[in-house]
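This report refers to the structure that appears directly beneath it.
The values are calculated or read from the model by the stated rules, or taken from the named source; none is laboratory data. Source: prediction; values computed, not measured. Virtual Cβ from ideal backbone geometry, glycine too; neighbours counted across all protein chains shown. Each accessible area value is taken on the protein alone, full model and side chains, heavy atoms only, with ligands, DNA and RNA left out. Shrake-Rupley method; radii C 1.70, N 1.55, O 1.52, S 1.80 Å.
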Amino acid sequence: MSDTVGQFIEFLRRHDDEAWAAIVASLLPDVHPVDQNALRVWFAFYPVKLFRMLAEDEARARQDCLLNGRYRLADHIHTSHRFFYGHRFWPKVQKAVLIDLRTPPRTTLENHIRQAARRTGVDPALALGITAVAYATLQQVGVEAFLTPPPPMDVPPLEPELIVAERRRPEPRTVWDMLLRSEINQTYTIRFDEHDPAAKFQAIYGQPLTTAAGQMPNAAAFKAKDPRCVAGPIPTECQTGACGTCWIGVLSGAENLSAITPFEVTRLKKIGYPYDGTEHPVIRLACKTVCEGKASIVIPPWNGVLANWDHPPIRG
Ligand code: FES
C-alpha cells in the first residue's frame with residue numbers, strides 16, 4: 001500500500017458513527033429524495049461500531065452480541081447498497097473515489113465526498129448518497145477489497161422521479177374495496193425489494209408486518225436463502241420485540257406505519273439499533289410495527305444485540 005493510500009485509509013478510520021451521522025445529516029438536503037431514506041438506512045445497517053467490534057475480536061463479538069446472518073460488510077461490498085437508486089452508478093463512484101487515494105487527505109471527509117460525487121459525471125444529487133456509502137465501505141473493507149471489480153448492476157432503467165411518484169401514489173383500489181371494505185379491512189402492499197416486482201406482500205390494516213410477511217403464499221421458501229427467515233422474507237424469532245431479529249429499514253411510507261411506541265423505543269435502544277427520536281423513524285422492529293398503509297422496506301442481512309459490546313457479560 002502506498003503512503004498516500006495508507007494516509008487516506010487512516011484518515012477515514014478516524015471517523016466514528018457520530019462523525020458519520022453529522023456528515024449524513026449535512027449531505028441529506030442535497031441528496032435526491034429517491035435515496036434520502038436509503039442513505040440513513042445504510043448507515044444504520046453498517047455502523048462503524050460493528051466494524052470495530054469485528055476487527056477487535058470477531059469471535060467475542062459474535063458470541064456476546066449474538067450476531068447472526070451476514071454481518072461482515074466485506075462479504076457484500078458491491079451489493080450492500082442495492083436498495084439505492086444510485087447503486088447503478090457504483091462502478092463510476094468507485095473510480096471517482098480512487099482518485100482521492102493518489103494524494104493525502106486535504107480537506108474534510110464531507111468535502112471529499114461532495115467532490116467525488118461531482119467527478120462521477122452523474123447528477124450530484126443522485127451520486128451523493130452512494131458516494132458517501134463508497135467512502136464508508138472503503139473505511140471498513142480496505143482498498144484491495146474495495147477495488148475488486150463489481151458484478152453487472154442489474155437494476156431496471158427507471159427515472160428516479162417515477163420511483164418517488166410510485167412510492168407516493170395511493171394504493172390502487174378495486175370497486176369491491178371501495179364499496180364493501182372499511183378502512184380497517186383494507187389491504188396494503190409492502191415491498192421489500194423495489195428492483196423486483198414480485199418482492200412484495202399484502203398486509204391488512206392493523207396487522208404487524210412480520211405476521212403479514214409470514215402469510216405470503218411462498219413464505220417457507222425464504223429459509224433456503226437465509227436461515228433466519230423461518231416465516232416469510234423478514235427474519236423473526238421472538239415476535240415480542242425482545243431479540244431484534246426482525247429489524248428493518250423503511251425506504252418509503254414510514255408515515256403509513258404505526259407510530260413508534262415507548263416500548264419499541266426502549267427495545268431499539270437496548271438492542272443497540274439507532275433510533276432517531278422521530279415518531280416514524282426509518283429503523284423499526286417489524287414485529288412491533290403495524291401496517292396502516294403502503295410502504296417499502298429493506299431487510300438487513302444480519303441481526304444482533306450491539307448494546308452488549310458496551311456492557312459485555314461477565315464470564316466465569
Ligand atoms: S422477532 Fe424478536 S424483536 Fe421482532
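Per-atom-type breakdown for region 161-308 gives carbon and sulfur 60% of the accessible area (1.4 Å probe, protein chains only). Length gained on full extension, E255 to T79: 60.6 nm, using 0.36 nm per residue less the C-alpha separation.
In loop segments of region 209-297 as defined by DSSP, there are no chymotrypsin sites (Phe, Trp or Tyr not before Pro) with at most 14 further C-beta atoms inside 10 Å of their C-beta. Please compare each pair in K92/K270; K95/K200; K225/K294; K95/K223 to a cut-off of 31 Å on the Cα-Cα distance and tell me which ones are over it. K92/K270; K95/K200; K95/K223, as the Cα separations exceed 31 Å there. Axis angle, to the nearest 10 degrees, between helix 3-13 and the longest C-alpha principal axis of the chain: 40 degrees. Here the scattering of region 161-308 is modelled by Debye summation over its C-alpha atoms, one equal scatterer each and no solvent; at q = 0.12, 0.13, 0.17, 0.19 Å⁻¹ the log10 of I(q)/I(0) is -0.48, -0.57, -0.96, -1.18. Would you mind estimating how fast region 190-245 diffuses translationally, via Stokes-Einstein at 37 °C and 0.692 mPa s with the Kirkwood radius over Cα pairs, in µm²/s? Estimated via Stokes-Einstein, D reaches 281 µm²/s. Distance between the pseudo-spin-label points of K95 and H280 (7 Å out from Cα toward the beta carbon): 3.9 nm.
Once the Cα atoms are used to define both axes, helix 109-119 deviates from the longest principal axis of the chain by about 80 degrees.
Using the Cα gyration tensor of region 75-167, with a ≥ b ≥ c the square roots of its eigenvalues, what is the shape: rounded (a/c below 1.5), prolate (a/b larger than b/c) or oblate (neither)? It comes out oblate by the Cα gyration axes. Here the label points at A242 and I204, each 7 Å from Cα along the C-beta direction, are separated by 2.7 nm in the simple model. Only alpha carbons enter this Debye calculation for the chain, each as an equal point scatterer, and the log10 of I(q)/I(0) it gives at q = 0.09, 0.12 Å⁻¹ is -0.47, -0.84.
Quick check: from the Cα gyration tensor, does region 233-316 come out rounded (a/c under 1.5), prolate or oblate? It comes out prolate by the Cα gyration axes. For region 239-253 and region 79-152, what is the separation of their C-alpha centers, rounded to whole Å? Region 239-253 and region 79-152 have Cα centres spaced 28 Å from each other.
Magnitude of the charge dipole for the chain, about its Cα centre and with charges confined to Cβ atoms of Lys, Arg (+1) and Asp, Glu (-1), is about 300 debye.
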